[in-house]
Amino acid sequence: MAIKIFIDQGHNPSGFFNSGAEANGLSESEINFQVGIYLQNLLNSDPRFEARVSRPEPNTVLGTNNTTSLAQRVAMANDWPADYFISIHCNVNPNPAINGTEVYIYQYYTQSQWLAEHLMEGINQVAGTVNNGIRENPSLYVLRNTNMPSNLIELGYLSNLSDADKLRNDQYGFAYGIFLGFMRYFGFA
């Protein structure tokens, strides 16, 4: 039986509520969308996986406000039910020197942390971002309300020129890094 992975491309499209961060001419929701589609295609090309995304089309809008948008994403994963949940995001910081990748989990010393370490290693290796660590954050809605091991990945900082360049030009690399993390987590690579 295939391992079911739900990929939440964080935020709604530009121009809608909850559209995410923007900096250096980049829109977080567009990057999240494309990385998620690449990742879904990579996972679905391997018969050991079955992947679904929260936003199958670039113009897919979830919910009617921030709360219902998050609730709909979680419900899609829980109702399937997925075996694993990842939410893809990009970060911003007022300090343009801040850069790198973070992976958020609900609790340390869980399968989520073990998976997060593999995902981080894959992203750093393929996309070339800095490892900013695995961070516990039980207040994040999608981590708190999913019924399976869940990670929220902040791929990089739109506000940092080096990260922005990677996010603009190597979205496939980020997806492949995450894919590689899953492969290693399951002992397939």
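For the chain, with a Gaussian network of springs between Cα atoms less than 10 Å apart, report the residue from S150, S29, S14 with the top mean-square fluctuation.
Looking only at S150, S29, S14, the largest GNM fluctuation is found for S14.
What's the local net charge at H89, with K and R +1, D and E -1, over the other residues with C-beta under 10 Å away?
In short, -4.
Could you grab the relative contact order for segment 30-133? Cα pairs under 8 Å, six or more apart, rounded to a whole percent. Walk me through the numbers before you get to the answer.
Numbers: 65 pairs, mean separation 20.1, N = 104.
About 19 percent, as a whole number.
How large is the helix-only mean residue ellipticity at 222 nm for the chain, computed as the sum of -39500 (n - 2.57) over DSSP H runs with n ≥ 4, divided by its residue count, in deg cm²/dmol to the nearest 500? Please list the in-between numbers first.
Details: 6 runs with 77 residues, N = 189.
After summing the helix terms and dividing by the residues of the chain, the value is -13000 deg cm²/dmol.
Name the chymotrypsin sites (Phe, Trp or Tyr not before Pro) in segment 33-128 that are in a loop by DSSP and that have at most 10 other C-beta atoms within 10 Å, would you?
Details: sites: F33, Y38, F49, Y84, F85, Y104, Y106, Y108, Y109, W114; in loops: Y106, Y108, Y109.
Listed in order of number, the matching sites are Y109.
In whole angstrom, how far apart do the alpha carbon centroids of segment 4-80 and segment 103-136 sit?
Rounded to whole Å, the Cα centres lie 19 Å apart.
Using only the Cα atoms of the chain, build the gyration tensor, take square roots of its eigenvalues as a ≥ b ≥ c, and label the shape rounded, prolate or oblate: rounded if a/c is under 1.5, else prolate if a/b is larger than b/c, else oblate. Write down the numbers at each step before the final one.
Working: a/c = 1.37, a/b = 1.11, b/c = 1.23.
Rounded, since a/c falls under 1.5.
Considering only DSSP states other than H, G, I, E and B, which GluC sites (Glu not before Pro) in segment 24-115 qualify as loop sites with at most 16 other Cβ atoms within 10 Å? Spell out each step's value before the answer.
Values: sites: E28, E30, E50, E102; in loops: none.
Filter output for segment 24-115: empty list.
Bear in mind these aren't lab numbers, they're just calculated from the coordinates by the rules spelled out. As the structure is a computational prediction, the values presented were derived from the model and not from experiment. When we count neighbours, we look across all protein chains shown, and the Cβ atoms used for this are built from the backbone with ideal geometry, even at glycine.
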